[in-house]
Amino acid sequence: MKQISKERETLYATGSDFCRIFRDDMQSLYLLALVLTADKEKAEQCFVAGLEDCTSGNQVFKEWARSWARRVVIKNAIRSSAPEIAQDNPAKAYGVTASAGVHGVPAGLDLPAELSALLELPVQERFAFVLSFCEGYSDHECALLLGWTRQSLVAARLAALKQLKDSSAARSELRANTLKSAGGKRNNVINLALSARLATPA
């Protein structure tokens, strides 16, 4: 019995393992939540809720723990942004996505141009872009996570690409990263910006 218990400890991530991951990857996980929610308070809530969810006893293989932590933060960001990201959002249905759910860069943050450009996207386009290109989820996975059809996901992602391409603030950086992603050489835009200095919240 002790042997089985010891093997389980070796195979599965513990609460301590997740605490370490959230401590070591704090900046990356917070940036992920911030880019998705475009809101400092919501990002902090997603981070804290993500840690609580991960340490609540879910059995996750140790080698998957880091990916699981990111996924849990994403799911909390999705929950915190509903119903803005709902597929049947009236603003989306009436074709006014350019202004619907646009937050902009939260005050007090010093972020590189590519992250600022992402924060300026409408919420649906932002989620579609970040999950597809930054996090590398397949269209099927993205659609399931967001509760959208694949067609809606593709449309939102194309709209995001068009807006990012037209963004004068990050034209060269984002275009290069997006082209590499589309060619199968995915660069994690968020992780590329890990060296960005996050200003102390007011």
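The values are calculated or read from the model by the stated rules, or taken from the named source; none is laboratory data. A quick note: this is a predicted structure, and the numbers were derived from the prediction, not measured. Ideal geometry is used to build each Cβ from the backbone, glycine not excepted, and the neighbour counts take in all protein chains shown. Quick note on the areas: whole protein, heavy atoms, side chains included, nothing else; ligands and nucleic acids left out. Shrake-Rupley method; radii C 1.70, N 1.55, O 1.52, S 1.80 Å.
The heavy atoms of residue 114 offer some 20 square angstrom of accessible surface to a 1.4 angstrom probe. Annotation: peptides 32-39, 155-162, 142-149, 129-136, ranked by per-residue average of other Cβ atoms within 10 Å with the highest first, follow the order 32-39, 129-136, 155-162, 142-149. In order along the stretch 59-73, the Karplus-derived 3J(HN,Hα) couplings, from 6.51 cos²θ - 1.76 cosθ + 1.60 at θ = phi - 60°, round to 7, 10, 4, 4, 5, 9, 4, 5, 5, 5, 4, 5, 5, 5, 4 Hz, and Gly and Pro are given as x.
Approximating the spin labels as points 7 Å out from Cα along Cα→Cβ, the residue 62-to-residue 141 distance works out to 2.3 nm.
Provide the net charge surrounding residue 46, with neighbours chosen by a C-beta distance below 13 Å and charges set as Lys +1, Arg +1, Asp -1, Glu -1. Within the 13 Å Cβ shell, the charges total +1. Between residue 12 and residues 5 or more places away or on another chain, which pairs have amide H atoms under 5 Å apart, with H built 1.01 Å from N, and which residues are they? So residue 12 has HN proximity to 62.
Rolling a 1.4 Å probe over the protein chains gives residue 53 an accessible area of about 50 Å².
With θ taken as phi - 60° and the Karplus curve 6.51 cos²θ - 1.76 cosθ + 1.60 applied, the whole-hertz 3J(HN,Hα) list for the stretch 17-24 is 4, 5, 4, 5, 4, 5, 6, 5 Hz, x standing for glycine and proline. If r is the Cβ-Cβ distance from residue 154 to residue 19 and R0 is 35 Å, what FRET efficiency results, to the nearest 0.05? In this case the efficiency is close to 0.40.
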